[in-house]
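Peer 1: Would you mind keeping the following structure in view while I ask a few things?
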Amino acid sequence: MGIFSSIMGKTKPVQANLDEMFALPSASITLQSAAGMSCSGHAGVCFKPPTGQGFEEMQAEVVSLLSMDGSGGLHQEKDSFGYQWLVVEDTDIEQLVTRIHLVNSSLSDSGWGPQLLCSVFGLAQLPTGAADAAPGADTESAALVETAAGPGQLLTSTAFLVYLFKRGTFYPFVPQGKEHRDTEQELKLKSLVADDLTVETDLDRWFPLWDLPVG
Amino acid sequence: MSTARNIPNDHGLSLRMFFTGLMLVVLYGAVIGLLIAFGISYAVVLVFAAIILFVQYWFSDKIALFGMHGHIVTPEQAPQLHGVIDRLCALADMKKPRVALADTDVPNAFATGRSPNNAVVCATTGLMRRLDESELEAVLAHELSHVAHRDVAVMTIASFLGMVAGMITRIMLWTGLMGGFGGGNRNGNQGGGDNAALVELLVLVVSVVVYAISFLLTMALSRYRELAADRSGALLTGRPSALASALVKVTGEMSRIPTRDLRSAESFNAFYFTPAIAKRGVSLSTLFSTHPSLDQRLAQLSKIEAELGRPS
């Protein structure tokens, strides 16, 4: 947004940046080896549904496209702030990111990029067995390391990585009880994924997302 | 103002507003004229006026918050307000302003602060109580658009330019007229007194007219900025009708609010969401109000609504 359009009162809606999201699988591997954590298999896209038939048709199209490939769960929810969530479940992290990307790119390709707020990926502590297996993976083939990047089963998310579309950055969010966040854990996660992901440096933008519909 | 109770209705309110504004401008001009008459140079007066405006601009957030009894609230104190603003800022990719709450029943919101880095968005408890989620969001998106458009800076500069225009007119007239008549006066001193009085009167009238015109232009600019903020805000939330319904609700409520509250809020109209003056059918009002008429704002919003509804 240029200073001129700002002063003329003609700010343009900001388009979404989708590319940075593909770094997530490698961050998941780093998290697994360093903290015994992994993607929980849950992820969601949050957007502001505008009025009008055009958007509703688009949304229905995306949903039918997602349910077509059949793998993993999918459900829609509306939160208390009036934002729409498309929640996707998939045990394979690559697949999960691809499906989330499908939602994002369909929306932004048809001109609704400015409506995208964020994507959220659930993180979970791996069961001790799986975490023990991970250090042993270095003697195994690379293929085993790759499968270890996914949880293999759906876990309950205890922490989240939030992707801000407009910034192309991630930030960690760890809710703790009712409307409290575990800042220490968030900062720890931030330093763990900092090499793999573009982390949001402006802490003011790490806004909380209470009552996430993402499992 | 105990006499205010005896006035049966306020048909002339907008008219009075106009003359109040005009008188303010005339007063401003008179003070400057007086300073000049005391032999203080134009440059000093201009610097003095600039300093006053600069202080107004630089401390706009503190002055407005103080005047409205608004106080900065933390996310813990107002989780709903913060939640809505957090999300809107992420959608618009802008820095989150400070959030304030004013404890008054006048349903309104305003944005202030000299730059987006120092911005404050303030909502009143009356607004939070009356509007539902999507309407509140629409109003806050409108206020955030004011922040993004740097409206405090633009309006301050605009009013300063108006003042400078008035002063330049004065200087030009003085030098021009004095130059013309002065040459003749130097030879014969007898008729000089008459001429000087006439010239002084002429200069006063012209400069007052220029001040008045710049005042009207500033008001017109303010109305244009309001429409621009309506538009950007509606595009941000994607729901122009939510803003329209908030406008209808708030302006409907405004006329029912006790006069005392209205008066205490009037001085901040320029950065308000809707002015705290009930809309009456005085046609002149469109010329000098800081905000466009409700009909005009609703018409624009319904146009945006139609644009969004078109299949992609």
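The values are calculated or read from the model by the stated rules, or taken from the named source; none is laboratory data. Since this is a predicted model, take the numbers as computed values, not measurements. We place every Cβ from the backbone using ideal geometry, glycine too, and count neighbours over all the protein chains shown.
Peer 1: Applying the selection to segment A:56-70, what residues are in contact with a Ser or Thr (Cβ under 6 Å, 6 or more places away or on another chain), at the interface with chain B (Cβ under 8 Å from one of its Cβ atoms) and farther than 23 Å from B:Leu88 by Cβ?
Peer 2: Those that are in contact with a Ser or Thr (Cβ under 6 Å, 6 or more places away or on another chain), at the interface with chain B (Cβ under 8 Å from one of its Cβ atoms) and farther than 23 Å from B:Leu88 by Cβ: none in segment A:56-70.
Peer 1: Now, a different point. Considering only segment A:36-55, state which residues are within 14 Å of another protein chain (Cβ to nearest Cβ) and of a type outside the set (Ser, Thr, Tyr). Before you say what the answer is, go through the steps one by one.
Peer 2: If we filter segment A:36-55 for residues that are within 14 Å of another protein chain (Cβ to nearest Cβ), which is where we start, we get A:45-55.
If the condition is that a residue be within 14 Å of another protein chain (Cβ to nearest Cβ) and of a type outside the set (Ser, Thr, Tyr), then A:Val45, A:Cys46, A:Phe47, A:Lys48, A:Pro49, A:Pro50, A:Gly52, A:Gln53, A:Gly54, A:Phe55 are the ones that fit.
Peer 1: Note down all Cβ pairs under 7 Å where the first residue falls in segment A:42-69 and is farther than 23 Å from B:Leu308 by Cα, the second is surrounded by 15 or more Cβ atoms within 10 Å (Cβ to Cβ) and of a type in the set (D, E, K, R), and they're at least six residues apart or on different chains.
Peer 2: Hits for this filter: A:His42/A:Glu89; A:Leu66/A:Arg99.
Peer 1: Also: Given the conditions (1) at pLDDT 80 or above; (2) more than 10 Å from chain B (Cβ to nearest Cβ), and given that A:Gly73 satisfies all but one, which numbered condition is not satisfied?
Peer 2: For A:Gly73, the exception is condition (1).
Peer 1: crowded, with 18+ Cβ neighbours inside 10 Å and modelled with pLDDT under 70: which single residue out of B:Leu236, B:Leu262 fits that description?
Peer 2: Result of the check over B:Leu236, B:Leu262: B:Leu262.
Peer 1: Determine the pairs where a residue that is touching a residue at least 12 places away in the same chain (Cβ under 8 Å), located within segment B:69-85, has a partner that is acidic (Asp, Glu) and in a loop (DSSP other than H, G, I, E, B) with Cβ atoms under 7 Å apart, the partner being 6 or more residues away or on another chain.
Peer 2: B:His69/B:Asp103
Peer 1: Here's something else I'd like to know. State whether the residues of segment B:120-142 include one that is within 21 Å of B:Gln56 (Cβ to Cβ), under 20 Å from the mean Cα position of the chain (by Cα), more than 9 Å from chain A (Cβ to nearest Cβ) and in contact (Cβ under 8 Å) with a residue 40 or more places away in the chain. Even if it seems obvious, please write down each step before you answer.
Peer 2: Initial filter on segment B:120-142 (within 21 Å of B:Gln56 (Cβ to Cβ)): B:120-122.
Within this subset, residues satisfying the condition of being under 20 Å from the mean Cα position of the chain (by Cα) are B:120-122.
From the residues that got through so far, the ones that are more than 9 Å from chain A (Cβ to nearest Cβ) too are B:120-122.
Among the residues that remain, those that are also in contact (Cβ under 8 Å) with a residue 40 or more places away in the chain are: B:120, B:122.
Yes: segment B:120-142 contains one or more residues that are within 21 Å of B:Gln56 (Cβ to Cβ), under 20 Å from the mean Cα position of the chain (by Cα), more than 9 Å from chain A (Cβ to nearest Cβ) and in contact (Cβ under 8 Å) with a residue 40 or more places away in the chain.
Peer 1: In segment B:96-152, how many are hydrophobic (A, V, I, L, M, F, W, C) and at pLDDT below 85?
Peer 2: 2
Peer 1: If you don't mind, there's one more thing I want to ask. Any residue at all in segment B:280-291 that's modelled with pLDDT under 80, at negative phi and in contact with a His (Cβ under 8 Å, 6 or more places away or on another chain)?
Peer 2: Within segment B:280-291, one or more residues are modelled with pLDDT under 80, at negative phi and in contact with a His (Cβ under 8 Å, 6 or more places away or on another chain).
Peer 1: While we're here: Out of segment B:38-93, which residues are of a type in the set (D, E, K, R) and away from every other protein chain (no Cβ under 14 Å)?
Peer 2: B:Asp61, B:Lys62
Peer 1: Filter segment A:182-214 for residues that are within 14 Å of chain B (Cβ to nearest Cβ) and not in a loop (DSSP other than H, G, I, E, B) and give the result.
Peer 2: Hits for segment A:182-214 are A:Thr183, A:Leu203, A:Asp204, A:Arg205.
Peer 1: Out of the residues in segment A:158-175 meeting the condition of being β-branched (Val, Ile, Thr) and in a strand (DSSP E or B), tell me which one is modelled with the highest pLDDT.
Peer 2: Across segment A:158-175, the extreme among qualifying residues is A:Val162.
Peer 1: Oh, and also: Which condition from (1) surrounded by fewer than 17 Cβ atoms within 10 Å (Cβ to Cβ); (2) in contact with a Cys (Cβ under 9 Å, 6 or more places away or on another chain) is the one that B:Ile51 breaks?
Peer 2: (2)
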